[in-house]
Amino acid sequence: MRCLVTGASGFVGSHLVDALVSRGEEVTALVRPSSNRRWLAGQPVRVLAGRLDDPAFLEDAVRGQELVFHVAGVITALTERDYFRTNVGGTRRVVDACRRAAPNLKRLLYVSSLAATGPATDVPAVDETTPCRPVSPYGASKLGGEQVVMGAAGDLPVTAVRPPVVVGPRDQALLPFFQAAKRGILAALGGRKWLSLVFIDDLVEGILRAATTPRAAGQVYFIAGRDVYDFDRISLAIAEATGSRRTVRVRVPMMALRAAAAVMQATAPLAGITPMLTRYKIRELSQVRWVCTAAKAERELGFVPRVSLKEGLAGTARWYRDEGLL
């Protein structure tokens, strides 16, 4: 099938491209003009460079496509407006382009986030019936993008998936924790927290199942591992993956993180960068239970998470070492 992947040069998007190519699909990779295309180099894919705020470009990109995977999005930003401009406005333009230029579309698959629902506050784990209460602009903007996509269900075959924290090779978000663990430091941000995880191979499998299962049209699914992890356990497993045997646990108080985020957010415009730690991210980090269940995906899609915590973290650590990052 002819497949389009937005955000194809990123962590999730590039792994999805790899999987589609391995299945023999005809892939178009949509990237920003400034994106690093390292993971696409040498791949038998058509690469289109453009922006989500260009309707004509998007129409050309989706024309003739049968599967459109909308993975592109902003994870961190300096203002709420920046989140919504891409995660809602850009998504709306992708949907509009599909309406106008993709008459053979079999599925538009939107990669949302657990952040769109919010943390588990009064339930053991959130599921697809849990009322959405995002706690950050990122979560609110991903929910807004999801609502745009699912609101088109009367016109287009659409599906959304909500992964929790995604772990695997090419990810940069957890690198500082691996680097600290390698030096014997088990870093913990604030008090104890519980998380759902999904390893990248499992997430890609879940995305593909959601995009190709007929009954998934018009549905939303969490794609996650079955286990819930205390972050203290995760940090110990990270240390094991790095080969570190003697460790000390260091808890960084939320007050210190808030102060650091304020400084980073104030100085970032002067440096021309967008820091990963902002006051918006502090709202997410201060939550106790980012926990979800993928029971619906297991039941309706036949999704089965296969990567264990040990295996997934070992593979991630191996990639960091191969890249000279660990």
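Any idea which residue in the range 132-158 is surrounded by the most Cβ atoms within 10 Å (Cβ to Cβ), counting only those that are charged (D, E, K, R) and touching a residue at least 24 places away in the same chain (Cβ under 8 Å)? Among those that are charged (D, E, K, R) and touching a residue at least 24 places away in the same chain (Cβ under 8 Å), it is LYS142.
In the range 180-188, is there at least one residue being in contact with an Asp or Glu (Cβ under 7 Å, 6 or more places away or on another chain) and open to solvent by less than 10 Å² (accessible area, probe 1.4 Å)? For the range 180-188, residues in contact with an Asp or Glu (Cβ under 7 Å, 6 or more places away or on another chain) and open to solvent by less than 10 Å² (accessible area, probe 1.4 Å): present.
Within the range 203-212, not a single residue is part of a helix (DSSP H, G or I), surrounded by fewer than 19 Cβ atoms within 10 Å (Cβ to Cβ) and without any contact (Cβ under 8 Å) to a residue 60 or more places away in the chain. For the range 21-57, the tally of residues that are at pLDDT 95 or above, small (Gly, Ala, Ser) and crowded, with 17+ Cβ neighbours inside 10 Å stands at 1. With a requirement of 3 or more residues that are under 20 Å from SER196 (Cβ atoms), the strands (runs of 3 or more DSSP E) lying completely within the range 107-170 that satisfy it span 158-162, 165-167. For beta carbons closer than 7 Å, sequence separation of 6+ or different chains, a first residue in the range 159-175 that is within 16 Å of THR117 (Cα to Cα) and without any contact (Cβ under 8 Å) to a residue 24 or more places away in the chain and a second that is open to solvent by 30 Å² or more (accessible area, probe 1.4 Å) and in a strand (DSSP E or B), there are no qualifying pairs. Would you pick out the residues in the range 58-73 that are in a loop (DSSP other than H, G, I, E, B) and surrounded by fewer than 18 Cβ atoms within 10 Å (Cβ to Cβ)? ARG63, GLY64, GLU66 - these are the residues of the range 58-73 that are in a loop (DSSP other than H, G, I, E, B) and surrounded by fewer than 18 Cβ atoms within 10 Å (Cβ to Cβ).
Considering the range 89-106, and only residues there that are in contact with a Pro (Cβ under 8 Å, 6 or more places away or on another chain) and over 21 Å from SER141 (Cβ atoms), the residue that is surrounded by the fewest Cβ atoms within 10 Å (Cβ to Cβ) turns out to be LYS106.
When LEU114, LEU109 are screened for being aliphatic (A, V, I, L, M), farther than 23 Å from MET276 by Cβ and under 15 Å from the mean Cα position of the chain (by Cα), only LEU109 passes.
If a residue counts only when it is buried (at least 16 other Cβ atoms within 10 Å of the Cβ), which strands (runs of 3 or more DSSP E) contained entirely in the range 216-322 have at least 2 such residues?
220-222, 228-230
Number of residues in the range 74-88 that are in a helix (DSSP H, G or I) and surrounded by 17 or more Cβ atoms within 10 Å (Cβ to Cβ): the value is 5. Considering the conditions (1) out of contact with any strand residue (DSSP E or B) (no Cβ under 7 Å at 6 or more places or on another chain); (2) open to solvent by less than 80 Å² (accessible area, probe 1.4 Å); (3) over 16 Å from GLY168 (Cβ atoms); (4) of a type outside the set (Lys, Arg), HIS15 is excluded by exactly one of them, (3). What number of residues in the range 159-179 are of a type in the set (D, E, K, R) and either under 16 Å from VAL248 (Cα atoms) or open to solvent by less than 20 Å² (accessible area, probe 1.4 Å) (or both)? Total meeting the criteria: 2.
The values are calculated or read from the model by the stated rules, or taken from the named source; none is laboratory data. Please read these numbers as outputs of a predicted model, since none were measured by experiment. Cβ atoms come from the backbone with ideal geometry, glycine included; neighbour counts cover every protein chain shown. Heads up: the accessible areas ignore ligands, DNA and RNA and are worked out on the full protein's heavy atoms, side chains in. Shrake-Rupley method; radii C 1.70, N 1.55, O 1.52, S 1.80 Å.
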